[in-house]
Amino acid sequence: MLGSLVLHHPTPAAAALGSLTSNRYLRLRALKINRHSGKEQAPLVTSGSQNSSLGYRRLVSPSTSSICAKGEDSFKISAVFTEDSSAVATTDEEMESIGILSIDQALEPYKEHFEYRIKKYVDQKGLIETYEGGLEEFAQGYVKFGFNREEDGIVYREWAPAAQEAQLIGDFNGWDGCKHMMEKNQYGVWSIKIPNSGENSAIPHNSRVKFRFKHGNGVWVDRIPAWIKYATVDPARFAAPYDGVYWDPPPSERFQFKHPHPPKPKAPRIYEAHVGMSSSEPQISSYREFADDVLPRIRANNYNTVQLMAVMEHSYYASFGYHVTNFFAVSSRSGTPEDLKYLIDKAHSLGLRVLMDVVHSHASNNVTDGLNGFEVGQCSQESYFHTGDRGYHKLWDSRLFNYSNWEVLRFLLSNLRWWLEEFKFDGFRFDGVTSMLYHHHGINMAFTGDYHEYFSEATDVDAVVYLMLANYLIHKILPDATVIAEDVSGMPGLGRPVSEGGIGFDYRLAMAIPDKWIDYLKNKNDEEWSMKEISCSLTNRRYTEKCISYAESHDQAIVGDKTIAFFLMDREMYSGMSCLTDASPTIERGIALHKMIHFLTMALGGEGYLNFMGNEFGHPEWVDFPREGNGWSYEKCRRQWNLVDTDHLRYKFMNAFDRAMNVLDENFSFLSSTKQIVSSTNEEDKVIVFERGDLVFVFNFHPENTYDGYKVGCDLPGKYRVALDSDAWEFGGQRRVGHDVDHFTFPEGIPGVPETNFNNRPNSFKVLSPPHTCVVYYRVDESREADVDETSIAEVVVGKENFEELGSVIDDGNVGPKAEKSGEGSSDD
């Protein structure tokens, strides 16, 4: 179990922080999606806590069954899924074994809610097994829908029950569909089989195709097939519509994977990346360029996981990939499906797992290029989306899925399996989960920590059940998959297994943390920083549900906002980052706090860690996609790798420390340790002391004070030495802490009686703690004695065999600030 500050559920203070996060998150997402559209966004108002006097009322939604028998096309289709208790019965045993209630007894008053959603999940899963042969087979919709090649031709199927007539058009028939009319079955599925022309494929590989249909008012429209595997646009035409592309390369051109999935790490250290903006040049980068140029950087910094944004095709580049138009297609801006496979295989060869940022919370409102083009005013049962207000996200200007619809379930679950099996992804980061979980989508909602806010009539049980099915499926197909939820509400059970009544995610993003840092950087001077509040914000999470912590992600990098480095150093980053001149107080403070903020977030904030591309070295400025307002410029839609590669610039120090943070976890596995104890949050000294695993962390946030012989508590007795020091020369510091000093512990009080101990710890030792510095200590044993003799902290953390490689970015301390090595104020004498 974690330490006493790690709570079972959010405290009111943290819940208030959560409300800040929810509103900020919605603003950021609306900004990302709509900032170039000229639309004025409705203001967000924090509404405060829900009226708990309403009490809890059972979610009841009786409906009639609409389960279809086996159809003519040898697969089962239903226009809408609804509850059918006669088809699948939920056993009493299943209803009684709600494991999550035994983990958190505060959930007991909401047992009825859990029983309802578990029953709905079990029934839905059972119906799929009965009528589709099982969830895994159901999730292979891509072998039935879209284009599928058979021995004697190509079969194309499309679910479009609102269409009156339909044709397949494309380059193969000169865009004249008169000879390729499609037939509709009783379930709204249109189909056509086009025989081969001799030995040639009926539809040439890499040729354009579209689905043409007539809707109720007699108008014919052309749409990209919903299950299309590739879509492209004519780059020579401004605002040109996308075309579906039939993608079926010959064996000689089809990429063959050579490397297996890397083992699942004890704790994910995630590098969040956007392929398109990963070039140092003002242009869109390709999958192959990213694989060859950026993946080695990620591996060198000792991350073990890459999280790729904007993989699914999105016609609007500036949406950051969150307005998906074609769910089964890779973004063609960066290359072909085979190019993406090359990237993933290259990552696997480097031992890097690859997660995909999957967007199933909403879809682009684009009618011409996207799934919304199939909307022609039909009822919700014949649509991918809800109708009316329920089917529209007013802040994101996007469409919302109907998760109770049988064909929507097939589409989305198949989408997950497609990316896992066709591209060998190692898992997903689900975007916009808060919007899915609640009918209010988190809009105008302040989550106070009251459990009624999570389990009430505001809960979208259909979406919850879909997520349970999705997580069950993902882990069934790939047991070692990593699945992360982007949720700002902190719903209990989100990160517990489906078998316990949870939703099944492996991790939840700790989204409140970056807002806390932004609040401090914008609104507080150094003397006003509260060690207790910072510590509480980082540790306030459900101890049985794992979190991915991060100080900043892509959200904090978009135009109109600032990265941590830019908050700290602002315009001085343009002129004060050269090692050939003395660092100004702003630069010195900025680099020191940049290292401390990211490291404290990593060490105390969760069971995994995430960093957005470029933030590891303090990338300046913001991200601004090309748009009319900036003259369609790519200048700020790139990563300036030259900054960290230039030896005389100070960016290399932050990058080297980022690498050392990751290596420290690789060597000591502190992120995966359940031992997390905060022993001191001293407001006067501005010092936080805690243990994670067997390491002792000392963070001195005071801007001026150095503490000589500072007493820190620890668990195990023995001899301690420095494992990582942010003040080391290698990281741009002054090396005021001796790395070759032994720190011997002293017993404190009566063993087993915490109140007699020092800060409730049975042992203590003394250290030197300079201002704006963090130092980690490890307990020496025989197996590490050889490491202890080394005088360079980089050699201790990275290992001698890797030190020469690291030296290329460290400079061995020959450039930059120097100081005589101080003696440790007391070697515990």
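The values are calculated or read from the model by the stated rules, or taken from the named source; none is laboratory data. No experiment lies behind these values; they were computed from the predicted model shown. Neighbour counts run over all protein chains shown; Cβ positions are idealised from the backbone, glycine included. For accessibility, only protein heavy atoms count, side chains too; no ligands or nucleic acids. Shrake-Rupley method; radii C 1.70, N 1.55, O 1.52, S 1.80 Å.
Assign one of three labels to segment 364-403, namely rounded, prolate or oblate, based on the Cα gyration tensor with a ≥ b ≥ c the square roots of its eigenvalues; rounded applies when a/c is under 1.5, prolate when it is not and a/b is larger than b/c, and oblate otherwise.
oblate
Might you tell me the accessible area per residue for segment 100-238, computed with a 1.4 Å probe and given in Å²?
Per residue, segment 100-238 has an accessible area of 45 Å².
About the Cα centre, and with charges only on the beta carbon of Lys, Arg (+1) and Asp, Glu (-1), how big is the dipole of segment 496-558? Nearest 20 debye, please.
So the dipole magnitude of segment 496-558 works out to roughly 260 debye.
Report, in whole Å, the centroid distance computed from the Cα atoms of segment 630-659 and segment 696-720.
That distance is 33 Å.
Just want to confirm a number: the relative contact order over segment 404-543, from Cα pairs under 8 angstrom separated by 6+ residues, in percent.
Once normalised by length, the contact order is 21 percent.
Taking amide hydrogens as modeled 1.01 Å from N in the peptide plane, which residues meet the under 5 Å criterion relative to GLY709, leaving out close sequence neighbours?
When sequence neighbours closer than 5 places are left aside, the close amide H contacts are VAL767, LEU768, SER769, GLY825, SER826.
Please tell me the relative contact order of segment 683-777 in percent, rounded to the nearest whole number, where contacts are Cα pairs under 8 Å and at least six residues apart.
39
Could you give the accessible area per residue of segment 428-484, probe 1.4 Å, as a whole number in Å²?
19
Placing +1 at every Lys and Arg Cβ and -1 at every Asp and Glu Cβ, with all other atoms neutral, what dipole size does segment 240-397 have around its Cα centre, in debye to the nearest 20?
Dipole size: approximately 900 debye.
Counting only C-alpha contacts under 8 Å and six or more residues apart, can you give the relative contact order of segment 304-385 as a whole percent?
Computed value for segment 304-385: 32 percent relative contact order.
Students often get this wrong, so check it: of LYS346/LYS636; LYS264/LYS546; LYS125/LYS214; LYS210/LYS394; LYS229/LYS346; LYS532/LYS675, which have C-alpha atoms separated by over 25 Å?
LYS346/LYS636; LYS125/LYS214; LYS210/LYS394
Taking the Cα centre of segment 325-457 as the origin, how large is its charge dipole in debye, to the nearest 20, when only Lys and Arg (+1) and Asp and Glu (-1) carry charge on their Cβ atoms?
Here the size comes out at about 260 debye.
Please give the contour-minus-distance gain from GLN186 to ASP519: 0.36 nm per residue of separation, less the Cα-Cα distance, rounded to one decimal in nm.
114.2 nm
Name the residue from VAL367, VAL354, HIS386 whose Cα lies farthest towards the positive end of the charge dipole of segment 297-393, charges +1 on Cβ of Lys and Arg and -1 on Cβ of Asp and Glu.
Of the candidates, VAL354 comes out farthest on the positive side.
Treat each spin label as a single point 7 Å out from the Cα along the C-beta direction, and report the ASP480 to GLU253 distance in nm.
Placing both labels 7 Å along Cα→Cβ, they lie 3.4 nm apart.
For ILE597, what is the net charge nearby, where nearby means another residue's Cβ is under 11 Å from its Cβ and Lys, Arg count +1, Asp, Glu -1?
So the environment of ILE597 carries a net charge of +1.
From the phi of every residue in segment 130-146, what ³J(HN,Hα) in whole Hz does the Karplus formula 6.51 cos²θ - 1.76 cosθ + 1.60 yield, where θ is phi - 60° and glycine or proline is x?
Karplus-based 3J(HN,Hα) across segment 130-146 equals 5, 9, 10, x, x, 5, 5, 5, 4, 7, 10, x, 5, 8, 10, 9, x Hz.
Rounded, prolate or oblate for segment 180-330? Axes are the square roots of the Cα gyration tensor eigenvalues, ordered a ≥ b ≥ c, and the cut-off for rounded is a/c under 1.5.
Prolate.
Between ASP645 and ASN206, what is the spin-label point distance in nm, taking each point 7 Å from the Cα along the Cα→C-beta axis?
With each label point 7 Å from Cα toward Cβ, the separation is 2.9 nm.
Would segment 536-669 count as rounded, prolate or oblate if I go by the C-alpha gyration tensor, calling it rounded below 1.5 in a/c and otherwise prolate when a/b exceeds b/c, oblate otherwise?
oblate
Please find the FRET efficiency linking GLU527 to ASP234, where r is the Cβ-Cβ separation and R0 is fixed at 51 Å, and quote it to the nearest 0.05.
0.30
Once Lys and Arg get +1 and Asp and Glu get -1 on their Cβ, which of SER278, ALA310, PRO296 lies farthest toward the positive end of the dipole of segment 254-317?
Of the options given, the answer is PRO296.
When the Cα centres of segment 306-323 and segment 456-484 are compared, how far apart do they sit, in Å?
First find each Cα centre; the distance between them is then 22 Å.
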